[in-house]
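Comments concern the structure below.
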Amino acid sequence: MKYITEFRNSELAQGLISDIRGKSKHKVRLMEFCGGHTVAIFKYGIRQALPANIELVSGPGCPVCVTATSDIDKAIALAMVPGVIIASFGDMLRVPGSRASLQQARAAGADVRIVYSALDALKIAQENPSKTVVFIGVGFETTAPTIAASVLQAQEQGIKNYRVLSLHKLCPPVIKTILDAGEVKLNGLICPGHVSAVTGSNAWEFVARDYGIPCVVAGFEPTDILQCVDMLVTQVENHASKVEIAYKRGVTPDGNLQAQKIMAQVFEPCPANWRGMGLVPDSGLKLRQKFADFDASVAFDIKPEPAIEPKGCICGEILRGVKTPADCRLFRKVCSPENPVGPCMVSSEGSCSAYYLYGED
Amino acid sequence: MCLAVPVKITKIAGKEADVEVGGISQHISLWLTPEARVGDYVLLHTGYAISVLDQTEAAETLKLFEDIARADK
């Protein structure tokens, strides 16, 4: 059992597709929250395989895409501080801020380095004791525990020049915001598989309970996504609304308690600014007071000028599921992966990037 | 950012592990999964194991898919 190819078996996928087609009678709209699911759905041609009465819309589950322009500006302002090394996940580098991107800041002389892991940023801090390494912390509950662990490790190892600019965000509050806004009527939620590996499927109980919307946690292989759709359709046809796990090999109702403990030890909820949605209460994470020594927002008093949103970009509406990239006047004409106007085209999990790379003309 | 890859643990030293996937070895952190053991498969995300994969559940899921595929023939 290697956990990958077995779940890409086309015969098993065909079986699931037939099962869905056989039982799906009503028109349904399902939202896949996670950017990783958006890409997988394209890559595996899931939309084409499903019957026409099942519509899939993308939600704001791309942490790079939902980072506000003002927060990108903060990261760039930090990059320009002498003696600072910025460490960031690769996707963030090309996202346009108000005036520039981190990549452009690097071209202008700032020390900006791409890292695969917070552990790499810790290593850079150890290797450059005279500099301050600022890790740009982007990601949801999948990633935030890893950054929390890196802070604890820095503390344990006496690394004093490591700071985190926490732009981390939480999924349940933003899903609540989207459901409360009522802009998109949903019949089911394809819940993020790896966020749920950390939070547990219990994190989505409020969606089923308070909004009557079926929730199924999905993995990322084609059979995983099809199984999730199959389970959601079954719930819809039976007028049920409960939380189920399709991705049972990786997700449990309670989740990863150690990861949750570490995350809560280092971070606490705070209001966060989501692109396209504004300020959402208790949806962000900030470092707790006792970790102030590792907090870039405490160490540096950065007040960038007011943010300028990219003109004509409808990333915000795409993230809320009310428009698709095809609705954007800039899509393919001005905005492309080589020349991105907004973050949804930059990120490997962004809707616009997925539509561009995989969508049909 | 949700990307996590199943990898097999080949060696553990304290809170760190060597893992293998597709013939490639990597060194990762087990800070978030202290219960992981050598031989386990874990979900690897940005250098950290975030979940230990349940082989029994995986096998049952595949069996479920096989049953569905057979029923639909």
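The values are calculated or read from the model by the stated rules, or taken from the named source; none is laboratory data. Nothing here was measured: the structure is a model prediction, and the numbers come from that model. Cβ: placed from backbone, ideal geometry, glycine included. Neighbour counts: every protein chain shown.
In the stretch A:185-224, the residue that is surrounded by the fewest Cβ atoms within 10 Å (Cβ to Cβ) out of those that are in a helix (DSSP H, G or I), in contact with a strand residue (DSSP E or B) (Cβ under 9 Å, 6 or more places away or on another chain) and within 14 Å of another protein chain (Cβ to nearest Cβ) is A:S201.
Taking (1) more than 14 Å from chain B (Cβ to nearest Cβ); (2) surrounded by fewer than 17 Cβ atoms within 10 Å (Cβ to Cβ) in turn, A:L78 satisfies each apart from (2). In the stretch A:5-39, the residue that is nearest to the other protein chains (Cβ to nearest Cβ) out of those that are more than 23 Å from A:P214 (Cβ to Cβ) and loosely packed, with under 14 Cβ neighbours inside 10 Å is A:E11.
Screening A:V322, A:V280 for residues that are touching a strand residue (DSSP E or B) at 6+ places or on another chain (Cβ under 7 Å), touching a residue at least 24 places away in the same chain (Cβ under 8 Å), farther than 28 Å from A:P82 by Cα and of a type in the set (V, I, T) leaves exactly one candidate, A:V280. Flag: A:G250 matches the condition of being within 12 Å of another protein chain (Cβ to nearest Cβ) and part of a loop (DSSP other than H, G, I, E, B). Might you check whether a residue that is under 15 Å from A:F33 (Cβ atoms) and either in a loop (DSSP other than H, G, I, E, B) or more than 13 Å from chain B (Cβ to nearest Cβ) (or both) occurs anywhere in the stretch A:126-137? No, the stretch A:126-137 contains no residue that is under 15 Å from A:F33 (Cβ atoms) and either in a loop (DSSP other than H, G, I, E, B) or more than 13 Å from chain B (Cβ to nearest Cβ) (or both). When the stretch A:143-163 is filtered for residues that are crowded, with 24+ Cβ neighbours inside 10 Å and either at pLDDT below 95 or within 14 Å of chain B (Cβ to nearest Cβ) (or both), the ones remaining, listed by number, are A:T143, A:A144, A:P145, A:T146, A:I147, A:A148, A:A149, A:S150, A:V151, A:A154. If we keep just the residues of the stretch A:40-63 that are under 22 Å from A:W204 (Cα atoms), within 14 Å of chain B (Cβ to nearest Cβ) and not polar (S, T, N, Q), which is farthest from the chain's Cα centre (by Cα)? Per the stated criteria, the residue is A:I41. Taking into account only those residues within the stretch B:1-60 that are assigned to a strand (DSSP E or B) and facing chain A (nearest Cβ under 7 Å), which is surrounded by the most Cβ atoms within 10 Å (Cβ to Cβ)? Applying the filter and picking the extreme gives B:S51. Are any residues in the stretch A:299-308 part of a loop (DSSP other than H, G, I, E, B), surrounded by 16 or more Cβ atoms within 10 Å (Cβ to Cβ) and modelled with pLDDT of 85 or more, and if so, which ones? Once the filter is applied, which keeps residues that are part of a loop (DSSP other than H, G, I, E, B), surrounded by 16 or more Cβ atoms within 10 Å (Cβ to Cβ) and modelled with pLDDT of 85 or more, the stretch A:299-308 yields A:F300, A:I302, A:A307.
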